[in-house]
Amino acid sequence: MKKLQLQRYNAGQRSNHWAVVTCFVLAAASGFALFHPALFWLTALVGGPQWARILHPYLGIAMFVLFLGMFFMFVSANRWRKEDSEWLASAGDVVSKGNQAQLPQNVGKYNGGQKIVFWLFTSCLVVLLATGLLFWQAWFASSVPIGLQRVAVLLHAVAAFVLVLGFIVHVYAALWVKGTLHAMVRGTVSGGWAKHHHPQWYREQMQGQAATKAPRK
């Protein structure tokens, strides 16, 4: 018998996600290369030092615009609810036991940890865009006081550092919890995975399928 598969992400959502990832990797590489001489070799990923300097801000804007699309697609499912606090209380079991962890039964499409990462990414990208524009030499820096530019550079670096840490946690969680990466590659998850990790979302999906299959009177 074929195992139950549930649609978690459609093709457009997956394409948007991987486009954001691509822009993030290139923007991070060029940004780190410009941040410290020891990382200058990363400029090779974007065509050399001149291209790194030119492309970095445009890659950042592209990433922000693409993430904005993702934000509107997923924001409703990432609103904080009381059950998310309950999930956080069991997060230690998720880290130590992985798929064997006993989780709350009221977890929706996203758990508390995923929602924290979502809002962390959102806030960091807003800060990165706002501060980056203030010291963008080609367009705006000449109109911005040098003192404000220095503050913007500092905040930009801090936001970038936090964003990279959040990205590492995001990737780690996707690899650690088996089946999560498959959802963003193929778009589907098994019924067992959904029932274990997101039971409330699983019940909603099953109810939706039952309503669709029910004969009309």
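The values are calculated or read from the model by the stated rules, or taken from the named source; none is laboratory data. On a predicted model such as this, the values are computed, not experimentally measured, just so you know. Here the Cβ is made from the backbone with ideal geometry for all residues, glycine too, and neighbour counts use every protein chain on show. SASA here: full protein model, heavy atoms, side chains in, ligands and nucleic acids out. Shrake-Rupley method; radii C 1.70, N 1.55, O 1.52, S 1.80 Å.
Assess whether residue 53 counts as being basic (Lys, Arg) and closer than 21 Å to residue 166 by Cα. Before you say what the answer is, go through the steps one by one.
Details: basic (Lys, Arg): yes; closer than 21 Å to residue 166 by Cα: no.
In short, no.
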Give all pairs with beta carbons closer than 9 Å in which a residue from region 106-123 that is closer than 22 Å to residue 195 by Cα and at pLDDT below 95 meets a residue that is among the polar types (S, T, N, Q) and open to solvent by 20 Å² or more (accessible area, probe 1.4 Å); count only pairs at least 6 apart in sequence or on separate chains. 106/200; 107/200; 108/200; 109/200; 112/85
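Look at region 4-30 and say how many of its residues are aliphatic (A, V, I, L, M) and farther than 30 Å from residue 202 by Cα. So that I can check it myself, show each step before the final result.
First, pick out the residues of region 4-30 that are aliphatic (A, V, I, L, M): 4, 6, 11, 19-21, 25-29.
Now narrow it down to the ones that are farther than 30 Å from residue 202 by Cα: 25-29.
The total comes to 5.
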Mind checking which residues of region 74-86 are open to solvent by less than 80 Å² (accessible area, probe 1.4 Å) and either modelled with pLDDT under 75 or within 19 Å of the chain's Cα centre (by Cα) (or both)? 74, 75, 76, 77, 78, 84
The listed residue being open to solvent by 60 Å² or more (accessible area, probe 1.4 Å) and assigned to a helix (DSSP H, G or I), out of 22, 43: 22
Quick check on region 110-125. Is at least one of its residues part of a loop (DSSP other than H, G, I, E, B), open to solvent by less than 60 Å² (accessible area, probe 1.4 Å) and charged (D, E, K, R)? no
Conditions first: (1) at pLDDT below 90; (2) among the hydrophobic types (A, V, I, L, M, F, W, C); (3) surrounded by fewer than 14 Cβ atoms within 10 Å (Cβ to Cβ); (4) outside any loop (DSSP other than H, G, I, E, B). Residue 1 passes all but one, so which condition is the exception? (4)
For region 109-133, enumerate the residues that are within 12 Å of the chain's Cα centre (by Cα) and of a type in the set (Lys, Arg). 115
Do you know which residues across region 46-70 are open to solvent by less than 60 Å² (accessible area, probe 1.4 Å), in a helix (DSSP H, G or I) and without any contact (Cβ under 8 Å) to a residue 60 or more places away in the chain? 46, 49, 52, 55, 56, 59, 62, 66, 67, 69, 70
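Condition check ((1) open to solvent by 30 Å² or more (accessible area, probe 1.4 Å); (2) modelled with pLDDT of 85 or more) across all residues:
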position	(1), (2)
72	yes, yes
90	no, no
128	no, yes
143	yes, yes
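Restricting attention to region 183-210, which residues are in contact with a strand residue (DSSP E or B) (Cβ under 7 Å, 6 or more places away or on another chain) and either more than 19 Å from residue 13 (Cα to Cα) or not β-branched (Val, Ile, Thr) (or both)?
Taking region 183-210 and keeping what is in contact with a strand residue (DSSP E or B) (Cβ under 7 Å, 6 or more places away or on another chain), we get 183, 187-191, 194, 205.
If the condition is that a residue be in contact with a strand residue (DSSP E or B) (Cβ under 7 Å, 6 or more places away or on another chain) and either more than 19 Å from residue 13 (Cα to Cα) or not β-branched (Val, Ile, Thr) (or both), then 183, 187, 190, 191, 194, 205 are the ones that fit.
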Just for region 134-159: of the residues that are in a helix (DSSP H, G or I) and within 21 Å of residue 50 (Cα to Cα), which one is farthest from the chain's Cα centre (by Cα)? 142
